[in-house]
Every structure is written in structure tokens, then in C-alpha cells.
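Here is the structure we will look at, set down as C-alpha cells.
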Amino acid sequence: MRKGLIVGLFLALLIVPLSISRASSGEEDLRALVQELLKEVKELKKENAELRSELEKIKAQGAPAPAEALVTAPSQKKHSFFSKGGYGSSPSGIDFYGFFKIDAVWQDNSAIGDVYVLWVLPEDGDNKFTLNYRHSRFGFDFWKYYSDFKVFGKIEMDFYHAYSDWNDVHSPLRARRVYAGVEKGTWQLVAGLDWQTISQLYPHLSNFPAGTFMGNFAFRMTQVRLSKWFNLGDSKLRVQVAAEQPYSFDDTAAGIFDDDPANDAGFPGVEARVAYETKINGKPALFAIWGHYSQEEYDISTGEEDADSYSLGLEVKVPVPLPFAHKAFLLGEIWTGRNVDRYYTAGVNQGVRFNYGGGVYDTNGKNGVAKAIAVDEIDATGGWIELEIFWTPKLVTHFGWGVDNPDDDDLDGVTSARLQQQMYYANFLYRITKEFAVGGEYMYVDCDYRESYAEDGELNRFMASFYYFF
């Protein structure tokens with residue numbers, strides 16, 4: 001196009017001297033020629049602008065699909081980048097995300113965990129201080145769109161690894177969520193490591209994990225989950241069922257991982273949840289009921305003995321009309337269950353009681369599971385409630401309480417039994433920019449023990465956090 005313009009201008013320069021010697025009619029021809037050239041230049045500029053616009057659209061779509069993948073559809077969103085396409089596949093869209101979180105923590109008593117608290121040990125007044133980055137995380141979302149369905153996946157990691165001896169200098173990565181799925185219309189199938197299907201509402205705590213063994217039920221498990229939702233105008237009814245892989249003991253209590261009592265049961269656990277998602281006064285609201293059933297098998301001195309695990313819970317989130325706030329919500333859950341320790345995160349991590357005879361009992365198998373003469377499940381109830389207030393789009397605060405209360409009768413004979421644990425907390429998060437934020441949290445935790453064993457454990461915990469979201 002530019003070459004044609006240059007040639008035209010060159011011809012015009014040759015014609016102009018010749019036309020000077022012509023009559024007035026020649027001058028009119030020259031004017032006409034100049035007008036025609038100007039018109040052509042104008043059209044070329046317009047065409048060039050259109051081509052630039054088309055080029056920008058092509059760039060925005062990302063990498064083009066290879067010829068052998070014509071069955072795929074264009075991505076419905078702009079991704080961070082695209083995969084190369086390995087093992088015979090075509091490229092997939094990838095979104096990279098995460099945050100840096102640096103925590104400074106001071107607490108006035110010993111607990112199971114200094115970087116984060118699971119439960120408080122009997123009163124000892126031993127102050128602790130930690131400065132760490134373990135809550136930082138990063139992840140990759142994978143997407144592939146087809147004409148009438150999509151496939152997707154996730155890999156998410158953090159630095160909370162149990163076997164790193166809490167050495168910040170040598171902290172290995174830990175898998176948080178690793179799954180793949182397919183979605184078509186109002187159906188979705190997911191397989192892999194993800195948050196449990198039950199108890200999907202969580203309290204907002206800076207202490208990680210949020211409310212574990214303090215009233216918040218369930219963690220993450222490997223599972224195969226089927227979801228179906230029904231669109232009801234502005235509302236949605238979501239039904240989910242899953243086959244799960246429970247996790248009962250670590251290797252220090254029951255031997256190597258292959259000895260896990262949940263594996264010995266010979267079948268997966270089952271989870272189910274029904275949720276009604278709607279809006280009240282234009283704000284999101286949620287009402288859900290959920291439950292699970294699984295089983296463990298223990299090899300004790302009298303043979304094999306089964307231990308049932310089950311739960312039933314209710315979770316609610318509703319907006320609260322506070323005239324002085326940007327928006328606010330009241331949320332929480334209540335639950336009851338049996339044998340709900342470990343990754344069900346209840347019973348203050350006491351799921352079964354081992355009876356060794358002669359008045360000797362424990363809940364962790366430290367006396368040797370194979371020596372036990374009986375295994376009894378421990379019941380528990382609990383829940384939590386939270387007030388979430390967005391004072392401005394940049395500032396949010398949370399005030400909450402939770403309780404995890406195992407049945408005292410089921411803990412008879414266990415000298416060091418944790419009879420109940422409660423949490424009270426208040427925190428804030430302020431976004432200085434969309435990416436940079438600061439936060440603070442105060443948390444009080446009270447863990448009850450038998451008077452004959454030790455004083456109750458009480459802990460005051462202060463945390464300051466710095467975030468960089470990306």
C-alpha cells in the first residue's frame with residue numbers, strides 16, 4: 001500500500017513540470033489529479049486504521065488453535081498465557097494468581113502450632129513470637145473451551161508443609177488444591193484434591209487454618225464430586241454429591257501410610273450438600289444443609305473393629321442492613337457428628353477412644369492400636385458465627401466466635417482429654433491499593449482440660465500481616 005502511494009507521488013512530480021507549459025485546461029487536469037491523490041491517501045489511512053484494529057483483536061484472543069483442534073471454541077476470557085500443549089494436546093488457557101503474605105505473630109501461651117494454632121496446651125505462660133511467610137500461595141487455573149462444554153483444572157500451592165521442621169529457610173511446597181473437571185450446561189464433574197463438599201462456608205481468620213478444631217468443620221480431601229444446579233430466576237439451587245478419601249492418622253500413630261484405618265474400610269466416604277443461593281435486598285445470601293458418612297477399620301488385639309464417622313450441618317449467610325456500612329453480612333454454621341477428627345477438623349482432634357484394659361485409654365493410639373481391646377467413637381457438636389462489615393470498598397472487618405465441643409462421657413478415662421475449645425476473634429484488612437494491603441487480628445482461644453490433669457489453656461494471639469495480591 002505504501003509503495004503504491006510513493007509511485008503515485010513520483011508520477012505526479014513528473015507530470016507537474018509538463019503541465020506548466022499547457023494551457024489553463026492543463027491546470028485543471030493537474031488540480032483534478034492532486035484531488036484524486038489526496039482522496040487515495042485518505043482511503044489508505046482509513047484502511048490502515050481498520051487493519052490495526054483487526055490486529056489488536058487477534059492479539060487479544062491469544063495463541064491461535066492449531067489446525068487439528070478445530071473442534072475447540074475461542075476462549076471466553078483473556079488468559080495470563082497459554083500452555084505449549086503436551087502429550088498430544090492443543091494449548092490451554094492458563095491464569096496465574098496468588099498472594100504474598102508476611103505475618104508477624106505474638107502469643108502468650110504454648111499451643112499445637114506457633115505459626116498457626118490448632119489447639120492450646122495447658123496454661124504455661126510461655127510467650128512465643130514468629131515471623132513467617134508460610135501463608136503465601138500461588139496457583140494456576142487451566143481452561144479449555146469446546147463448542148458446548150469446557151474442561152478445566154487447578155494447581156494451587158503454599159508453604160505449610162508438615163515435614164519441614166518449621167524451618168523457614170528450607171520450606172518445601174505443599175499441595176493445597178489439585179484437580180481437573182468438566183462442565184456442560186448445569187452439570188459439573190470434578191476429581192482431585194479440593195475443599196470438601198460439605199461445610200463450604202468459612203470464617204474469615206488470618207490464623208490458618210480458619211477455625212480448625214474451634215468450630216469450623218471440614219478441610220480438604222481428595223474426592224470425585226458431581227454437581228447439578230437449577231437456575232430459579234435470580235436464585236440457584238445447587239445439589240452436590242461426592243466420593244471422598246478420608247484421612248485418619250499420621251504415620252507416627254498408626255505406622256506407615258498404608259495402615260491408614262480409612263483405607264482399610266475398603267470403600268470411600270460419601271459427602272452431600274444442598275444449597276440455595278439467592279439475593280436479599282440485592283445482596284448475596286446462602287442457605288445450605290450438608291452431611292457425610294465414612295468408616296474406619298482398626299486392627300486391634302481382638303480382631304478387626306469398625307468405627308463409623310458421620311456428620312450433619314447447616315450453614316447460613318445473610319446480608320445485614322447497617323446504614324453506616326457499605327455492606328455487611330451475618331454468617332455461620334452449626335453441626336453435629338461422630339468420629340470427626342483429622343481432616344473433618346472437629347472433636348478437638350479426638351475421633352475415637354482406644355480402650356487398652358485396666359483403665360488405660362487414649363485417643364491417638366500412642367499406646368499401640370494393636371494392643372487395644374475396644375474402639376469407641378466420640379460424638380461432638382459445634383459451630384461458629386461471624387459478623388462481616390465492609391466499611392468501605394477498601395476496609396473490611398470481622399468479629400466472630402466458635403466452639404468445638406466433644407462429648408465428655410465419650411472421653412471418660414482419657415486423662416489428657418480436650419473437653420472443649422472456643423475461639424473469639426476480631427480482625428481487619430485494608431487495601432491501600434488493589435494489590436497491596438495490611439491486616440491485623442486479635443484472637444483469644446480457650447481449651448478446657450480436666451481439673452485433675454492441668455489448668456485450662458488460654459491464649460491471646462496478636463497478628464500483623466502484609467499482603468501483595470497478584
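Just so it is clear, none of the values below were taken in a lab; they were calculated from the coordinates. Not measured: the values here are computed from a predicted model. Note that we place each Cβ from the backbone using ideal geometry, even for glycine, and neighbour counts take in every protein chain shown.
Quick look at the values:
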item	result
Over region 96-469 - Rg/Rh using Cα atoms and the Kirkwood inverse-distance radius	0.97
Within-15-Å neighbourhood charge of VAL182 [Cβ basis; K, R +1; D, E -1]	+2
Peptides ranked, highest mean first, by Cβ atoms within 10 Å: ranges 277-284, 303-310	303-310, 277-284
Whole-number percent relative contact order across region 385-470, with pairs defined as alpha carbons under 8 Å at least 6 apart	24
Order of SER83, SER311 under a 10 Å beta carbon neighbour criterion, fewest first	SER83, SER311
Sequence-separation-based contact order of region 96-469, relative, with Cα cut under 8 Å and 6+ spacing, percent	15
Length released on extending from VAL239 to ASP29, taking residue separation times 0.36 nm less the Cα-Cα span	67.6 nm
HN-Hα J in Hz across region 452-468 - Karplus 6.51, -1.76, 1.60, θ = phi - 60°, x for Gly and Pro	6, 9, 6, 5, 4, x, 10, 9, 9, 10, 10, 9, 10, 10, 10, 10, 9
Equivalent ellipsoid dimensions for region 294-376 as semi-axes, Å, which come from the Cα gyration tensor, largest first	42, 12, 8
Relative packing of 429-436, 237-244, which averages over residues the other C-beta atoms within 10 Å, highest first	237-244, 429-436
Label-point separation in nm, LEU226 to PHE436, each point 7 Å along Cα→Cβ	5.1
Paramagnetic reach from TYR87 in region 170-184 [backbone N under 17 Å; point 7 Å along Cα→Cβ]	178-182
Residues whose placed amide H lies under 5 Å from that of ARG137, excluding near-sequence neighbours	PHE99, LYS101
Sites PHE129 and ALA454 - FRET efficiency at Förster radius 30 Å, r taken between beta-carbons, to 0.05	0.80
Entries of LYS78/LYS327; LYS128/LYS394; LYS101/LYS184; LYS84/LYS154 with Cα pairs more than 28 Å apart	LYS78/LYS327; LYS128/LYS394; LYS101/LYS184
Rounded D (µm²/s) - region 194-338, Kirkwood Rh over Cα pairs, Stokes-Einstein at 37 °C, 0.692 mPa s	190
